[in-house]
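A.B. asks: Dropping a structure here in structure tokens format, bear with me for questions.
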Amino acid sequence: MTDFQAIYRSEDEFGPLMVLEDKQMRILSFGDNDEQSKLLKSAPHIPQHTYLQAMLLVLLYKKPKRVIILGLGGGGLIHALRHFDRAIKITAVELRSAVIDIAQRYFQLPSGKKLTLIHQDATEFLVQREHKQVDVIFADIYGADGVDENQLTETFIANAASLIKSDGYLVLNCWKEHSKDQQLLSLLQIHFAEVRACLTGGGNWVILAGKVAQDISSSGLKAQAQQLSLQLDFPLSRSLTRFELWQ
């Protein structure tokens with residue numbers, strides 16, 4: 001990131017926060033050589049990270065009316081979902097108030113009645129169970145040191161599942177090392193009928209856990225992905241080739 005210039009620096013109780021940019025991109029960073037979010041300034045709805053592209057594969061299985069996003073970052077998922085369908089009601093939960101401020105100030109975060117931002121720990125938010133059930137929960141809780149292990153616990157998964165409708169999905173962004181975690185798979189299988197995953201080119205293990213098993217042929221998925229790619233404005237083909245049942 002040597003060509004990027006820092007346009008914002010601060011620190012809160014959890015550590016440093018930086019916003020970097022060049023002519024095309026803007027980056028949210030929580031430390032040296034850390035890239036939490038990356039925004040293409042001319043087209044913020046196009047995800048620049050392969051893990052975000054993979055998380056959006058859930059739209060092949062579910063056209064959500066209401067979603068929860070745990071971990072705001074620069075709002076990349078919000079931008080993509082808004083581009084896909086402006087009617088989706090989005091609740092985003094973020095631990096760090098400074099991240100919310102940065103997303104609004106530097107990352108073109110949209111506003112409006114369809115978007116609710118909540119400053120709270122995601123685990124506490126799930127425990128309270130005060131939100132209406134949703135079609136999809138996206139869990140992308142990361143710090144400078146990597147994934148928050150809380151989002152991989154039995155309690156977190158159970159509480160998330162309780163907020164997901166009977167035909168809904170939990171989407172988890174993990175590291176590739178978690179692809180060997182059979183205990184995590186077993187925890188997911190308690191609450192979800194089908195668990196699929198994608199190993200991204202960036203080394204993330206993105207999990208899609210659905211409450212209902214979907215019987216869609218590979219050719220059918222490919223055709224749907226082509227149509228969805230047009231709607232999202234980026235190709236899903238790379239993620240789809242790495243996407244399979246986790247068993």
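The values are calculated or read from the model by the stated rules, or taken from the named source; none is laboratory data. Keep in mind that what you see is a predicted model, and the values were worked out from it rather than measured. Reconstructed Cβ throughout: ideal geometry from the backbone, glycine too, with neighbour counts over all protein chains shown. Remember, those area values only see protein heavy atoms, side chains included, never the ligands or the DNA or RNA. Shrake-Rupley method; radii C 1.70, N 1.55, O 1.52, S 1.80 Å.
A.B. asks: Name the residues in the stretch 180-212 that are of a type in the set (Gly, Ala, Ser) and within 18 Å of Leu56 (Cα to Cα), would you? I'd like the intermediate steps shown before the answer.
C.D. replies: Step one: list which residues in the stretch 180-212 are of a type in the set (Gly, Ala, Ser), which gives 186, 193, 197, 201-203, 209-210.
Correct list: Ala197, Gly201, Gly202, Gly203, Ala209, Gly210.
A.B. asks: Quick check on this structure: which one of Arg26, Arg96, Arg82 is under 27 Å from Ser237 (Cβ atoms) and in contact with a Phe, Trp or Tyr (Cβ under 8 Å, 6 or more places away or on another chain)? Walk me through it before giving the result.
C.D. replies: Working: Arg96 fails: under 27 Å from Ser237 (Cβ atoms); Arg82 fails: in contact with a Phe, Trp or Tyr (Cβ under 8 Å, 6 or more places away or on another chain).
Exactly one residue qualifies, and that residue is Arg26.
A.B. asks: Do we find a residue being out of contact with any Gly (no Cβ under 7 Å at 6 or more places or on another chain) and among the charged types (D, E, K, R) anywhere in the stretch 168-176?
C.D. replies: No, the conditions are met nowhere in the stretch 168-176.
A.B. asks: So, one more: How many residues are open to solvent by 10 Å² or more (accessible area, probe 1.4 Å) and under 13 Å from Gly71 (Cβ atoms) if we restrict to the stretch 123-133? Lay out the reasoning, then the answer.
C.D. replies: Narrowing the stretch 123-133 to residues open to solvent by 10 Å² or more (accessible area, probe 1.4 Å): 123-125, 127-133.
With the extra rule that they be under 13 Å from Gly71 (Cβ atoms), the set shrinks to 123, 125.
The number of residues fulfilling the criteria is 2.
A.B. asks: Taking only the stretch 99-120 into account, find how many residues are small (Gly, Ala, Ser) and closer than 10 Å to Leu72 by Cα. Spell out the reasoning first.
C.D. replies: Within the stretch 99-120, the first condition is being small (Gly, Ala, Ser), and the residues that meet it are 103, 111-112.
So of that shortlist, the ones also closer than 10 Å to Leu72 by Cα come out as 103.
Selection size over the stretch 99-120: 1.
A.B. asks: On to the next question. Go through Thr116, Thr123 for me and flag whichever is polar (S, T, N, Q) and part of a strand (DSSP E or B). If you could, list the steps in order and put the result at the bottom.
C.D. replies: Values: Thr123 fails: part of a strand (DSSP E or B).
None of the others qualify; the one that does is Thr116.
A.B. asks: Oh, and also: Could you go through the stretch 186-202 and let me know if any residue there is under 22 Å from Ala43 (Cβ atoms) and among the polar types (S, T, N, Q).
C.D. replies: Of the stretch 186-202, the ones under 22 Å from Ala43 (Cβ atoms) are 200-202.
Now narrow it down to the ones that are among the polar types (S, T, N, Q): 200.
Scanning the stretch 186-202, I find at least one residue that is under 22 Å from Ala43 (Cβ atoms) and among the polar types (S, T, N, Q), so the answer is yes.
A.B. asks: With the requirement that a residue be touching a residue at least 40 places away in the same chain (Cβ under 8 Å), in a loop (DSSP other than H, G, I, E, B) and more than 26 Å from Ser229 (Cβ to Cβ), what does the stretch 91-113 give you?
C.D. replies: Leu95, Arg96
A.B. asks: Every residue in the stretch 111-143 that is aliphatic (A, V, I, L, M) and in contact with a strand residue (DSSP E or B) (Cβ under 6 Å, 6 or more places away or on another chain), please.
C.D. replies: Once the filter is applied, which keeps residues that are aliphatic (A, V, I, L, M) and in contact with a strand residue (DSSP E or B) (Cβ under 6 Å, 6 or more places away or on another chain), the stretch 111-143 yields Leu115, Leu117, Ile118, Ala122, Val134, Val136, Ile137, Ala139, Ile141.
A.B. asks: Quick one: how many residues across the stretch 104-128 are in contact with a Ser or Thr (Cβ under 6 Å, 6 or more places away or on another chain) and under 14 Å from Ser162 (Cβ atoms)? Let's see the steps before the verdict.
C.D. replies: First, the residues of the stretch 104-128 that are in contact with a Ser or Thr (Cβ under 6 Å, 6 or more places away or on another chain): 116, 119.
Checking which are under 14 Å from Ser162 (Cβ atoms) leaves us with none.
Result for the stretch 104-128: 0.
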